[in-house]
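Worksheet: the structure to be examined is printed underneath.
The values are calculated or read from the model by the stated rules, or taken from the named source; none is laboratory data. Predicted model only: the values in this text are computed from it and were never measured. When we count neighbours, we look across all protein chains shown, and the Cβ atoms used for this are built from the backbone with ideal geometry, even at glycine.
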Amino acid sequence: MSELSVKHLLGIKYLQEKDIQLIFETADHFKEVINRSIKKVPSLRDITIANIFFENSTRTKLSFELAEKRLSADVINFSAGQSSVKKGETLIDTVNNILSMKVDMVVMRHPNPGAGIFLAKHVNASIINAGDGAHEHPTQALLDSYSIREKLGDVANKKVVIVGDILHSRVALSNIFALKLQGAEVKVCGPRTLLPKYVESLGVEVETDLRKALNWCDVANMLRIQNERLDISYFPTTREYTQQYGVNSRLLDSLNKKIVIMHPGPINRGVEITSDVADSGQSIILDQVENGVAIRMAVIYLLASKIKQ
């Protein structure tokens, strides 16, 4: 069996293209499994996984937990809000305490960029980064690419525009790495204040006119404004942002072709995307959610097979 070139999933930037293809092929298999009447496989009966979330999360946490249970792993859930972290315990102490319970794998979300990398150097468990600050969110980018592949047959040579708050988005950065690695063309679109100065050095083009961006692309990945990360005002009002960068059905219908609409969630309906677009036939948002479980099953399974060696 082929295997991943990495022991941890810390970010897309550490993966090779063949790693992504292996994850997708494995996810194809698990997608069949989760559509059966009996959705569990006994693959990881002897593996214990700790989900450690230092930031709030609903969809990612549930998706990982479901993936782990579908693989028959033993699961420990740890939420920093109800833990000794509030009493001043350090990241390493927290994790060492959990590892002393003989945990094989840690799925971690943390507000600090690079937290997963720091952890991987200090603990003897396989680490999956479920989002580190505004840095990376690798499983989200994998499920996004997987959803494009499922809808359009391939990611190579597809034109993808990522719209919105690129500056604060770990989803955007991981998506750029993943899409470029697979041979897609990528543009980013949003107000200049929400585009990082270095973004063009990642091999992507900048387009500030939403209509031009949508007419160019095959796929538009719409990001929410991350109000919890905005320390200053990056645009005058939400209403003005929506007028310039929000997608509604009138705008979609006026384009010269049908494009695919994606969103990593949670959606701010009526801001970056209207309900009629989110729920339309052009949207693959619910497919992304379903594919998230299959992709996370694939990542966990492939990393666990390296632990067992």
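The selection criterion, being outside any strand (DSSP E or B), charged (D, E, K, R) and outside the structural domain of residue 296 (by TED's automatic domain parsing), does not hold for residue 55.
Residue 186 falls short on exactly one of the conditions (1) more than 20 Å from residue 296 (Cβ to Cβ); (2) in contact (Cβ under 8 Å) with a residue 40 or more places away in the chain, and that condition is (2).
Can you spot a residue in region 153-163 that is within 30 Å of residue 52 (Cα to Cα), without any contact (Cβ under 8 Å) to a residue 24 or more places away in the chain and not assigned by TED's automatic domain parsing to the domain that holds residue 104?
Within region 153-163, the first condition is being within 30 Å of residue 52 (Cα to Cα), and the residues that meet it are 162-163.
Next cut, without any contact (Cβ under 8 Å) to a residue 24 or more places away in the chain only: none.
Scanning region 153-163 turns up no residue that is within 30 Å of residue 52 (Cα to Cα), without any contact (Cβ under 8 Å) to a residue 24 or more places away in the chain and not assigned by TED's automatic domain parsing to the domain that holds residue 104.
How many residues, within region 203-244, are in a helix (DSSP H, G or I), at pLDDT 95 or above and of a type outside the set (Lys, Arg)? Of the residues in that region, 5 qualify.
Any idea which of 86, 69 is of a type outside the set (Asp, Glu) and either assigned to a strand (DSSP E or B) or modelled with pLDDT of 85 or more (or both)? Even if it seems obvious, please write down each step before you answer.
Details: 86 fails: either assigned to a strand (DSSP E or B) or modelled with pLDDT of 85 or more (or both).
Answer to the check: 69.
Considering 276, 287, which residue is more than 25 Å from residue 240 (Cβ to Cβ), charged (D, E, K, R), surrounded by fewer than 21 Cβ atoms within 10 Å (Cβ to Cβ) and modelled with pLDDT of 95 or more? Before you say what the answer is, go through the steps one by one.
On the way: 276 fails: more than 25 Å from residue 240 (Cβ to Cβ).
It is 287.
Identification of helices (runs of 4 or more DSSP H) wholly contained in region 91-160 with 2 or more residues that are at pLDDT 95 or above, closer than 28 Å to residue 21 by Cβ and basic (Lys, Arg) yields 138-152. The residues in region 25-47 that are in a helix (DSSP H, G or I) and crowded, with 21+ Cβ neighbours inside 10 Å can be counted, and the count is 3.
All of 72, 37 fail the test of being among the hydroxyl-bearing types (Ser, Thr, Tyr) and at negative phi, apart from 37. Which of (1) over 17 Å from residue 165 (Cα atoms); (2) modelled with pLDDT of 95 or more is the odd one out, the single condition residue 262 does not satisfy? All conditions are met except number (1). The residue that is nearest to residue 11 (Cα to Cα), among those in region 169-200 that are modelled with pLDDT under 95 and among the polar types (S, T, N, Q), is 169.
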